[in-house]
1. Looking only at segment 101-115, which residues are at positive phi and within 11 Å of the ligand (Cβ to nearest atom)?
2. Tell me which residues, restricted to segment 93-115, are more than 18 Å from ARG40 (Cβ to Cβ) and touching a helix residue (DSSP H, G or I) at 6+ places or on another chain (Cβ under 7 Å).
3. Looking at segment 80-93 only, could you name the residues that are out of contact with any Phe, Trp or Tyr (no Cβ under 7 Å at 6 or more places or on another chain) and either near the ligand (Cβ under 7 Å from one of its atoms) or acidic (Asp, Glu) (or both)?
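Just so it is clear, none of the values below were taken in a lab; they were calculated from the coordinates. Because the structure is predicted, anything quoted here is derived from the model rather than measured. For neighbour counting, all protein chains shown are included, and Cβ atoms are generated from backbone atoms with ideal geometry for every residue, glycine included.
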Amino acid sequence: MNKKDVFEQVSYMEEQIGQLYQQLGDLKSQLSELLEENHRLALENHHLRNRLESSQDGESNQGDTDINKDVSIGEGYDNLARLYEEGFHICNVHFGSPRQHEDCLFCLLFLNKTK
Ligand SMILES: [Zn+2]
């Protein structure tokens, strides 16, 4: 192997290492995005589970009379309104996902319709 070949090989390896380093950086940023999303979803799941449990508790207290039915519709509305206030979508377009501090037209329409 002559000196020129060795130099070319070393240059080639240098290039490869540079590319690998860049790929590693990309993967690292993808990983941190995934971890963030995972955290967000875990939080969302936690909130939704709490909501589900509290709405199931509400159902077990319901009777069969019309008066109780009217009350349960009101409670359902309150639960959804609270969920919306806590920053989650209640519209059928994005239901259960975080609102990111912006009002959602679909949610507001839904709240007015249910009221
Ligand atoms: Zn919405």
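1. Matches in segment 101-115: none.
2. Within segment 93-115, VAL93, CYS107, LEU111, THR114, LYS115 meet the criteria.
3. Start the filter on segment 80-93 by keeping residues that are out of contact with any Phe, Trp or Tyr (no Cβ under 7 Å at 6 or more places or on another chain), which leaves 80-88, 92.
Scanning segment 80-93 gives GLU85, GLU86.
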